[in-house]
1. Neighbouring Cβ atoms within 10 Å as the yardstick, rank LEU16, LEU225 fewest first.
2. How big is D, in µm² s⁻¹, for the stretch 145-251 by Stokes-Einstein at 37 °C and 0.692 mPa s if Rh is the Kirkwood radius over C-alpha pairs?
3. Just add up the charged neighbours of GLU9: K/R +1, D/E -1, any other residue whose Cβ is under 10 Å from the Cβ of GLU9.
4. Excluding ILE77 itself, calculate the net charge of residues whose Cβ lies under 11 Å from the Cβ of ILE77, where each Lys or Arg counts +1 and each Asp or Glu counts -1.
5. Simple spin-label model, 7 Å along Cα-to-Cβ: VAL171 to ALA81 in nm?
6. Step through the table entries LYS41/LYS199; LYS199/LYS243; LYS103/LYS249; LYS199/LYS248, compare each Cα-Cα distance with 25 Å, and write down the pairs that go over it.
7. Send over the Kirkwood Rh of the stretch 38-79, from the inverse of the averaged 1/r over different Cα pairs, rounded to one decimal Å.
8. Say a paramagnetic label sat at a point 7 Å from the Cα of LEU154, along Cα to Cβ; which residues of the stretch 168-188 have their backbone N under 14 Å from it?
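What follows draws every value from the coordinates through simple rules; no lab data is involved. Bear in mind that the values here come from a model prediction, so they are computed numbers and not experimental data. Every residue, glycine as well, gets a Cβ built from its backbone with ideal geometry; the counts of neighbours run over all protein chains shown.
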Amino acid sequence: MKVLIIEDEAPAFRRLQTILEDAVAEVKIVDVIDSVEEAVKWFRNHQSPDIIFMDIQLNDGISFEIFEQVDIQSPVIFTTAFDEYMLKAFKVNSIDYLLKPIKQEELKKSLDKYHRMRDQFGHQAVDMSQLLAQIQGDAKQYKSRFLVRQGEKLISVETRHIAYFYTRNGVVHMVTDQGRNYLMDQTLEEIYTMLDPQKYYRANRQFIVSFDAITSVERYFKSKLIVELDPKSADEVIISAEKASEFKKWLGQ
């Protein structure tokens with residue numbers, strides 16, 4: 001297994017190297033890179049490795065800047081001392097997100113996940129678009145647009161432009177990514193059955209949220225989570241302690 005490590009802290013690299021060598025019988029670390037600039041140069045001049053371990057905070061910026069400059073085909077396991085970037089990590093090639101100090105059992109789980117994915121597509125590097133299609137599947141056709149009312153007019157809104165649905169005083173509203181608000185005739189329960197569960201999540205009794213509308217997730221009291229949306233919601237979006245683990249799994253699908 002060919003591994004590229006993007007990490008600017010020598011102790012963290014040495015720990016990761018030791019754990020990798022203990023966990024994998026045949027592992028080759030093809031290179032260790034410590035900056036965004038050098039990573040961009042590397043990807044422009046080398047073939048993709050089997051997998052990348054990528055620290056998020058590097059000495060010249062945030063590693064997400066790399067994705068803005070080059071096309072990365074390999075799956076990525078992010079490593080960081082902070083969990084504030086979890087959401088953004090799962091919007092690029094991430095298959096997992098490990099908090100430092102990395103534990104051997106957690107790294108082994110990440111590698112097991114990588115190998116399961118790799119086995120589905122043979123021994124070539126995992127094609128992330130192919131993998132996404134495999135995960136999402138095409139067994140069920142979800143609603144691609146909703147017909148809504150605006151005064152006397154009927155308007156068709158594509159589902160991909162819907163940020164979230166919410167209910168207030170028994171009335172269900174749709175909010176688009178442009179902040180437009182429309183009244184709905186269906187209940188949240190009915191609407192949720194029409195949506196792709198990979199892209200929309202029933203946060204609570206009041207909200208169904210789109211993955212793309214989520215800008216941050218923070219810890220709340222009593223193990224709850226609070227979700228920030230764009231466009232902003234007038235009401236707080238709270239994930240209960242009971243659903244917090246499920247929600248985090250959904251973010252990482």
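1. Ranked by crowding around the Cβ, least crowded first: LEU225, LEU16.
2. The calculation lands on 232 µm²/s.
3. -1
4. -1
5. 5.0
6. LYS41/LYS199, as the Cα separations exceed 25 Å there.
7. Across the stretch 38-79, the inverse of the average 1/r is 10.7 Å.
8. 185
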